1. Please list, in order along region 81-94, the HN-Hα scalar couplings obtained from phi with the Karplus expression 6.51 cos²θ - 1.76 cosθ + 1.60 (θ = phi - 60°), rounded to whole Hz, x for Gly and Pro.
2. Give, rounded to the nearest 20 debye, the magnitude of the charge dipole that region 21-136 has about its Cα centre when Lys and Arg contribute +1 at Cβ and Asp and Glu contribute -1 at Cβ.
3. Quick check: from the Cα gyration tensor, does region 1-92 come out rounded (a/c under 1.5), prolate or oblate?
4. Calculate the spin-label point distance for E148 paired with M100, positioning each point 7 Å from the Cα along the beta-carbon direction, and give it in nanometres.
5. When a/c reaches 1.5 or more, the comparison of a/b and b/c decides; with that in mind, is region 120-230 rounded, prolate or oblate per its Cα gyration tensor?
6. Quick one: angle between helix 228-257 and the longest Cα principal axis of the chain, in degrees between 0 and 90, rounded to 10, please.
7. Mind checking the full-extension length gain between S192 and Y60? Use 0.36 nm per residue of separation minus the Cα-Cα distance, one decimal, nm.
8. Take K90 and K299, extend 7 Å from each Cα along the Cα→Cβ direction, and tell me the distance between the two endpoints in nm.
Amino acid sequence: MSHDFVKELNKRKELSSVFTFYSASFPQYMLRVDNDLAQQKGITIDNAMSTLSTLIGSNYETSFIKFDRQYKVIVQALPQYRALPDDILKLYVKNDHDEMVPFSAFMKMEKVYGLSEITRHNMYNASEISGSAAPGYSSGEAISVINEVAKKTLPRGFGIDWAGISKDEVSRGNEAIYIFLICLGFVYLILSAQYESFILPLSVILSLPAGIFGAFLFLKLFGLENNIYAQISMVMLIGLLGKNAVLIVEFAAQQHSAGMSVLKSAMQGAKVRFRPILMTSFAFIAGLIPLVFANGPGKIGNRTIGSAAAGGMLFGTLFGVIVIPGLYYIFGSIAAKRKLIKIEDENPLSEDLTQ
């Protein structure tokens with residue numbers, strides 16, 4: 001059953017290098033002890049097994065010091081006396097009368113087939129299967145495929161569970177989505193306080209999908225997967241691309257407060273902030289080039305975080321300078337009609353007090 005399940009998993013393009021060491025027909029030797037014969041010869045089973053363990057597997061007895069160095073004394077039969085399985089029956093054990101009795105006098109050896117190892121998971125007998133996601137597929141996609149194959153292939157009474165990093169990922173579920181939503185929520189609330197409007201921040205938030213699209217596109221082009229490194233890059237892009245949008249929206253909002261129309265404020269903001277945005281963004285992309293083409297240990301992680309950040313920043317910048325002024329014009333026009341505070345004194349209270 002285990003090998004059939006592995007064969008089905010290897011047929012899926014989303015998985016690679018799926019294997020298992022489980023074997024129910026592993027060649028073994030079974031030592032059968034005749035308890036009655038052992039007692040007749042004055043040998044206890046405990047003494048026999050302890051002696052056999054020492055002769056075959058060795059046992060640490062004591063230490064001694066010579067030439068100012070400490071040496072360990074290991075008791076074990078010489079290699080030529082334990083080279084073959086049949087050599088076990090030629091070894092001797094001391095009985096209650098200090099007589100040496102061969103193991104062959106009360107023990108027989110049989111060649112059998114059985115489990116190579118007994119694995120238990122959550123108190124159930126288990127077969128451990130290892131594998132990885134194929135290039136271009138994420139670990140989440142691989143987990144989904146394994147669940148799908150298990151549902152179709154495994155008979156009733158069989159199930160699967162996870163171990164290691166996969167278990168942590170399955171237990172976490174869709175936490176990455178919630179993290180992104182929380183980050184966007186914080187950005188939205190901060191911008192709402194800055195602009196004193198719940199509508200203007202949408203021109204910043206809605207400019208971010210262009211950068212996220214660029215990050216996924218570069219991951220696809222370079223054959224990389226959407227893992228934790230890519231997700232870190234996307235969280236970073238929220239701040240970097242949001243900063244570019246804030247540069248335009250902030251300047252346009254100031255111009256609109258000074259009496260300029262929303263359309264002209266948007267055009268003026270895009271014109272004035274165009275060069276600073278391109279300068280800082282392309283400088284950042286140039287700094288990511290070594291990560292995009294990284295080699296050596298950890299190159300996959302470096303390439304993933306570099307490619308996602310570079311692609312997101314490139315697309316977010318090129319499309320942002322076009323999209324952000326348009327978004328500001330749309331939401332700025334709405335915000336102008338729905339102003340929370342229609343009459344507001346722009347002078348700080350501290351200046352009024354000093355006067």
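1. 9, 9, 7, 10, x, 5, 5, 4, 6, 8, 7, 10, 9, 8
2. Values: 11 positive and 13 negative charges, 61 e Å.
Value, rounded to 20: 300 debye.
3. Values: a/c = 3.65, a/b = 1.63, b/c = 2.24.
Verdict is oblate for region 1-92.
4. Simple spin-label model gives 6.7 nm for this pair.
5. Details: a/c = 3.62, a/b = 2.21, b/c = 1.64.
Because a/c hits 1.5 or more and a/b exceeds b/c, region 120-230 counts as prolate.
6. 10 degrees
7. On the way: separation 132, 0.36 × 132 = 47.52 nm, distance 7.27 nm.
Answer, rounded to one decimal: 40.3 nm.
8. Going by the 7 Å Cα→Cβ label model, 5.4 nm.
Any read-out appearing in this document is the output of simple, stated calculations on the displayed coordinates, not a laboratory observation. Model, not experiment: these values are computed from the prediction. In this analysis, Cβ positions are derived from the backbone assuming ideal geometry, glycine residues included, and neighbour counts consider all displayed protein chains.
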